[in-house]
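**Student:** Take a look at the following structure, please.
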Amino acid sequence: MSADTCPLCNSHGGELVWQSALYRVVLVDDAAYPGFCRVILNRHAAEMTDLPAAERDTLMQAVWTVESVLRDAVHPDKINLASLGNVVPHLHWHVIPRWHDDAHFPSPIWATTQRDSPPRNVDLTALKASLASRLLLLESMK
């Protein structure tokens with residue numbers, strides 16, 4: 001897949017919450033997994049080892065920051081981190097809050113649904129503000 005046809009080169013890939021020169025953080029519209037975020041490299045590359053070490057470190061610091069904010073804000077039982085890229089070979093990380101009673105637990109969210117999931121009340125406005133604040137702090141420490 002070239003940058004011309006890549007959906008993550010041609011769109012934000014979700015609701016834009018934060019953007020730096022290197023990466024952006026988006027909120028995925030998934031009612032079953034409120035707070036599901038993606039950390040997406042701003043240029044087209046497929047693998048972490050395509051990046052210089054400093055960029056890999058910066059990207060992973062962003063992933064860990066998003067995980068930390070999600071843990072504080074939505075109180076999941078578990079966080080899943082995934083960087084697959086099999087369908088969209090553009091470097092991005094999924095940061096997914098999980099609950100023991102969610103529709104797929106303990107399987108990945110892309111597996112067959114195992115049960116109905118109870119609704120989750122998550123203040124997405126507060127979550128987005130927390131993400132932006134913490135990511136701004138992270139960038140200012142560089």
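**Student:** Against the condition surrounded by 14 or more Cβ atoms within 10 Å (Cβ to Cβ), modelled with pLDDT of 95 or more, more than 16 Å from the chain's Cα centre (by Cα) and not in a helix (DSSP H, G or I), how does His104 come out, does it pass? Talk me through it step by step, then tell me what you get.
**Tutor:** Values: surrounded by 14 or more Cβ atoms within 10 Å (Cβ to Cβ): yes; modelled with pLDDT of 95 or more: yes; more than 16 Å from the chain's Cα centre (by Cα): yes; not in a helix (DSSP H, G or I): yes.
Yes: the conditions hold for His104.
**Student:** For region 1-44, give me the residue count where each residue is in contact with a strand residue (DSSP E or B) (Cβ under 8 Å, 6 or more places away or on another chain) and not β-branched (Val, Ile, Thr). I'd like the intermediate steps shown before the answer.
**Tutor:** As a first pass, look at region 1-44 and keep what is in contact with a strand residue (DSSP E or B) (Cβ under 8 Å, 6 or more places away or on another chain): 8, 12-19, 22-29, 33-42.
Now restrict to residues that are not β-branched (Val, Ile, Thr): 8, 12-16, 18-19, 22-24, 27, 29, 33-38, 41-42.
Residues meeting the conditions: 21.
**Student:** Within region 81-95, which residues are free of Cβ contacts under 8 Å to residues at least 60 places away in the same chain and over 11 Å from Cys37 (Cβ atoms)?
**Tutor:** Within region 81-95, Ala82, Ser83, Leu84, Gly85, Asn86, Val87, Leu91 meet the criteria.
**Student:** Mind listing whichever residues of region 89-100 are part of a loop (DSSP other than H, G, I, E, B) and out of contact with any helix residue (DSSP H, G or I) (no Cβ under 6 Å at 6 or more places or on another chain)?
**Tutor:** Initial filter on region 89-100 (part of a loop (DSSP other than H, G, I, E, B)): 89-91, 99-100.
Of everything in region 89-100, those that are part of a loop (DSSP other than H, G, I, E, B) and out of contact with any helix residue (DSSP H, G or I) (no Cβ under 6 Å at 6 or more places or on another chain) turn out to be Pro89, Leu91, Trp99, His100.
**Student:** Just to be sure before I move on: is Ala73 closer than 26 Å to Met141 by Cβ, in contact with a Ser or Thr (Cβ under 7 Å, 6 or more places away or on another chain) and small (Gly, Ala, Ser) in the structure I sent? Reasoning before the result, please.
**Tutor:** On the way: closer than 26 Å to Met141 by Cβ: yes; in contact with a Ser or Thr (Cβ under 7 Å, 6 or more places away or on another chain): yes; small (Gly, Ala, Ser): yes.
Yes; evaluated as a whole, the condition is true for this residue.
**Student:** Give the residues of region 48-97 that are surrounded by fewer than 15 Cβ atoms within 10 Å (Cβ to Cβ), under 17 Å from Trp110 (Cβ atoms) and of a type in the set (A, V, I, L, M, F, W, C), sorted by residue number.
**Tutor:** Leu81, Ala82, Leu84, Val87
The values are calculated or read from the model by the stated rules, or taken from the named source; none is laboratory data. Everything numeric in this text was worked out from a predicted model, so none of it was measured. FYI the Cβ positions are ideal-geometry reconstructions off the backbone, even for glycines, and counts take in every protein chain you see.
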